[in-house]
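One structure is given below, encoded as structure tokens.
The values are calculated or read from the model by the stated rules, or taken from the named source; none is laboratory data. Everything quoted here is computed from the prediction, not taken from an experiment. Here the Cβ positions follow ideal geometry from the backbone for every residue, glycine too, while neighbour counts run over all protein chains shown.
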Amino acid sequence: MACRRVGLNPVEFLWNEPAEKLLKFNGFVIVGGFAYEDRSRAGVIAALDPIMDQIKIEADKGKPVLGICNGAQILVESGLVPGLDDHRVGVALTDNKRVKGSHVVGVGYYNAWANLKMSAPSDRCAFTRHLDTDDFINIPVAHGEGRFILPDELLKKMISSGQTVYRYCNDAGNVVDEFPTNPNGSIYNIAAVCNPAGNVMAIMPHPERTENGDVIFSSMKEFIENGNPVTDNTLSFEQPHCEVADYQSNSDATEWVIDMIITDNEAASVQKALDHLGCDVSITRQTHWEIS
């Protein structure tokens, strides 16, 4: 409906359809939902789906790609956002943490309305063209894993390059880093980020559920009509190396490693995803207890 309201012609495309069909489309919207039931973590298995390889190719051509809610999680897990070299993952969307006055007042799924302030120049990306800097829109949020987290050094670079395009603000347009203005605890009150070129955006709230969000889709339409005028920006960042040590149990402790007695669908989904990638591993999930 949102696409049609602004004059775009949406075509439904299912994940199991031939990837070559994507070549004829001018842009893409990856909608919300629960791809693979959010198994392992939201968006990670869908990001490994073969169809995303073609989406990356189309995005590299300059075509606009908008990921909403679960779609945003998929873009983050695929590395299309924030757009580091070789589509390396640099940002995470994790469990909500509603904080007020330095106290955690809630976690998990949250459904409400939030204000999103446009925090970049209008021509910064494909989805900001019909708003002025500091304008804000009121749209719904409905998610359980919408908290943007990323390294401080990467955040500084993304702010400098104008990639933190939408931020949560209050009714006066002020960015207040606590609940209820910030509905999920996102760093820097981030609601949406784009890639360096400006043609890919991951947004956790739902602009498609209200006419208030139509400016995002009309901006996308103008971007397509103008020939996909991407920004010539790059984003360089090297994640610090993290050494993972083998677990060492306490020699004086009593340990239990407990198998599930029913089929673990989450482990099965991870196994299939790794099989597709050619990883020769066997995945099971167990519960570990240790009492000393």
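Odds and ends about this structure:
- Residues (surrounded by fewer than 20 Cβ atoms within 10 Å (Cβ to Cβ), farther than 27 Å from Val99 by Cα and touching a residue at least 40 places away in the same chain (Cβ under 8 Å)) located in the range 124-155: His130
- Scanning the range 156-178 for residues that are among the hydrophobic types (A, V, I, L, M, F, W, C) and surrounded by 22 or more Cβ atoms within 10 Å (Cβ to Cβ) yields a count of 3.
- Meets criteria (among the small types (Gly, Ala, Ser) and either under 17 Å from the mean Cα position of the chain (by Cα) or surrounded by 15 or more Cβ atoms within 10 Å (Cβ to Cβ) (or both)) for Gly101: no
- Restricting the range 114-123 to residues that are in a strand (DSSP E or B) and of a type outside the set (D, E, K, R), the residue that is surrounded by the most Cβ atoms within 10 Å (Cβ to Cβ): Leu116
- Here Asp132 passes the criteria (1) under 17 Å from the mean Cα position of the chain (by Cα); (2) outside any strand (DSSP E or B) except the one numbered (1).
- Qualifying residue in the range 34-51 (condition: polar (S, T, N, Q), loosely packed, with under 14 Cβ neighbours inside 10 Å and not assigned by TED's automatic domain parsing to the domain that holds Ser269): no
- Going through (1) part of a helix (DSSP H, G or I); (2) in contact with a Phe, Trp or Tyr (Cβ under 6 Å, 6 or more places away or on another chain) one by one, Val270 falls short only on (2).
- So Ile30, is it surrounded by fewer than 24 Cβ atoms within 10 Å (Cβ to Cβ) and either aromatic (Phe, Trp, Tyr) or more than 16 Å from Thr164 (Cα to Cα) (or both): no
- Residue within the range 53-62 that is hydrophobic (A, V, I, L, M, F, W, C) and assigned to a strand (DSSP E or B) present: no
- Going through (1) within 26 Å of Gly33 (Cα to Cα); (2) assigned to a loop (DSSP other than H, G, I, E, B); (3) touching a Lys or Arg at 6+ places or on another chain (Cβ under 8 Å) one by one, Phe237 falls short only on (1).
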